[in-house]
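The values are calculated or read from the model by the stated rules, or taken from the named source; none is laboratory data. Predicted model, so just to flag it, every value in this text is computed and none were measured. For neighbour counting, all protein chains shown are included, and Cβ atoms are generated from backbone atoms with ideal geometry for every residue, glycine included.
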Amino acid sequence: MLNAFIGYIRKETLFLPHQPVLLAVSGGMDSVVMTELFHRAGFQFGVAHCNFTLRGEESDRDEQFVKELAAGYQVPFYSTSFSTEEYARAHHLSVQMAARQLRYQWFGELLAGENFDLVATAHHLDDQIETLLINLSRGTGLDGLHGIRSRQGKTIRPMMFATRTMIEQYQQEHQLAFCLDSSNLSDHYTRNRIRHNILPVFETINPDFRNGLTQTAERLKEAGMIVREKIGEKKKLVCIEDPEGLSISIPELLKLTPVNAYLSEWLSPFGFNYQTIKRISESLSGIPGKLFLSPEYCLLRDRQKLILRPAGSIAGMPGTEVYIDADVTHMHHPVLLLIERLTLPGDFRPDTDPRIASLDMAMVHYPLILRRWKKGDFFQPFGMKHTKKLSDFFIDEKFSVFEKHNSWILESGGKIAWLVGHRPDERFRVTDRTRDILRIKWLNQSPAK
């Protein structure tokens with residue numbers, strides 16, 4: 001396995017033998033084996049460990065184990081602790097995403113401040129397969145279908161040649177001690193459900209399933225390289241990059257087929273998902289002025305071009321309709337919204353504050369559309385058994401002309417999900433079958449009515 005490890009690093013040109021590498025070591029089997037291979041290969045390395053404080057004494061045990069592991073190899077050791085759950089709540093992230101952000105931010109700080117060129121993680125071929133299936137289940141493009149890259153920026157993954165079985169065999173042969181993570185035994189996480197329940201089924205159909213899928217991912221990676229080269233050539237003709245963002249000529253874009261594919265390659269790096277990109281494509285034949293939001297960027301469908309700018313630029317843009325992507329957690333224009341996705345708490349009670357809407361996530365379809373109300377709009381006000389025209393609702397609730405004129409609608413899947421700041425729709429209500437909720441808070445004004 002040592003020869004295969006060194007050969008893979010050379011083949012993928014991950015780093016040169018003299019370059020110092022920082023190893024991300026959790027204390028689990030995969031990262032312990034990676035550390036041993038770095039040692040036996042004679043590479044320069046240090047060890048970094050993140051304590052996410054999610055498993056109490058077990059987390060502290062792992063940190064102490066990795067500290068002693070680094071001391072045994074006589075290499076530099078770095079550790080830090082995070083209040084992961086608190087960070088996740090503050091930034092409206094899942095715990096897994098919060099841990100990822102914290103981890104890579106800290107690794108970046110270490111690379112900048114210590115004598116290391118790269119950081120290595122212990123992702124391997126089975127991780128690759130699981131990631132590919134997760135991406136496939138959620139919907140993805142070519143990049144998602146070839147899974148985890150062996151190198152991305154200053155992060156390298158030198159174990160991507162090895163299967164979990166190979167790693168287990170190496171650990172047993174060399175009697176390497178490691179820590180067991182109890183969370184890996186739970187099916188609460190998507191990756192574990194795939195690992196424990198789905199992969200074994202595929203292997204009953206084809207015992208060589210893992211190798212077959214790995215080869216498919218490699219072929220897709222190669223196809224992606226060809227596609228990106230072609231799309232890069234077209235980008236020079238259609239797009240203008242500037243310090244503030246990107247402009248895409250609509251007349252030139254419409255000469256390309258299929259438009260969605262080109263836009264996906266150009267806009268996905270800015271956080272726009274495929275459903276929103278389809279809406280952007282559809283807007284090309286409509287009137288200008290629509291805005292589309294990703295977590296960090298906004299895109300304006302102007303008269304002759306699409307204008308991409310950081311989300312902070314949105315306040316100066318027009319737009320009667322704003323398309324909100326699935327990963328957007330807040331917006332500042334045209335109204336101030338805080339958006340978070342939460343697992344339904346056991347003591348959930350519907351919000352009485354009209355500035356807050358709690359929607360059943362299973363009923364929500366993206367992109368959400370924020371727009372002005374228009375004649376003919378109807379919805380089913382929360383608590384009512386029948387639909388009602390918005391114009392009638394305004395009359396019944398004694399809206400002033402000013403309030404009526406300034407009302408905003410949040411639309412999902414062609415249905416009004418919320419008359420913003422006033423009343424959610426009954427069809428999106430949280431029930432005893434609800435698992436996750438989309439909680440949206442309107443921060444513009446005092447409670448309506």
Out of all the residues in the stretch 381-409, which are of a type in the set (Gly, Ala, Ser) and more than 36 Å from the chain's Cα centre (by Cα)?
-> SER391, SER400
Within the stretch 208-236, considering residues that are within 15 Å of SER150 (Cβ to Cβ) and hydrophobic (A, V, I, L, M, F, W, C), the one surrounded by the fewest Cβ atoms within 10 Å (Cβ to Cβ) | MET225
Selection over the stretch 10-38 where residues are surrounded by 13 or more Cβ atoms within 10 Å (Cβ to Cβ) and out of contact with any strand residue (DSSP E or B) (no Cβ under 8 Å at 6 or more places or on another chain) yields a count of 7
Taking the stretch 247-288 as the region of interest, how many residues are under 20 Å from LEU237 (Cα atoms), without any contact (Cβ under 8 Å) to a residue 60 or more places away in the chain and not in a helix (DSSP H, G or I)?
-> 7
With criteria (1) assigned to a strand (DSSP E or B); (2) surrounded by 20 or more Cβ atoms within 10 Å (Cβ to Cβ), ARG309 comes up short on (2)
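Every residue, every condition in (1) at pLDDT 90 or above; (2) surrounded by 15 or more Cβ atoms within 10 Å (Cβ to Cβ); (3) touching a Phe, Trp or Tyr at 6+ places or on another chain (Cβ under 8 Å), yes or no:
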{"residue": "HIS123", "(1), (2), (3)": "yes, yes, no"}
{"residue": "GLU130", "(1), (2), (3)": "no, yes, no"}
{"residue": "ILE134", "(1), (2), (3)": "no, yes, no"}
{"residue": "ARG138", "(1), (2), (3)": "no, no, no"}
{"residue": "LEU145", "(1), (2), (3)": "no, yes, no"}
{"residue": "ARG151", "(1), (2), (3)": "no, yes, no"}
{"residue": "GLU168", "(1), (2), (3)": "yes, no, no"}
{"residue": "SER182", "(1), (2), (3)": "no, no, no"}
{"residue": "SER186", "(1), (2), (3)": "no, no, no"}
Test: GLY421 is closer than 24 Å to LEU293 by Cα and not in a strand (DSSP E or B) = yes
Residues GLU109, GLU68, GLU57, GLU63: which one is more than 20 Å from ILE167 (Cβ to Cβ), modelled with pLDDT of 95 or more and of a type in the set (Asp, Glu)?
-> GLU68
Report yes if some residue within the stretch 321-341 is farther than 21 Å from GLU411 by Cβ and not assigned by TED's automatic domain parsing to the domain that holds SER247; otherwise report no.
-> no
Here is a list of conditions, (1) more than 16 Å from the chain's Cα centre (by Cα); (2) assigned to a loop (DSSP other than H, G, I, E, B), and LEU93 meets all of them except one; can you say which number that is?
-> (1)
Considering every residue within the stretch 89-108, establish whether at least one is farther than 27 Å from PHE45 by Cβ and charged (D, E, K, R).
-> yes
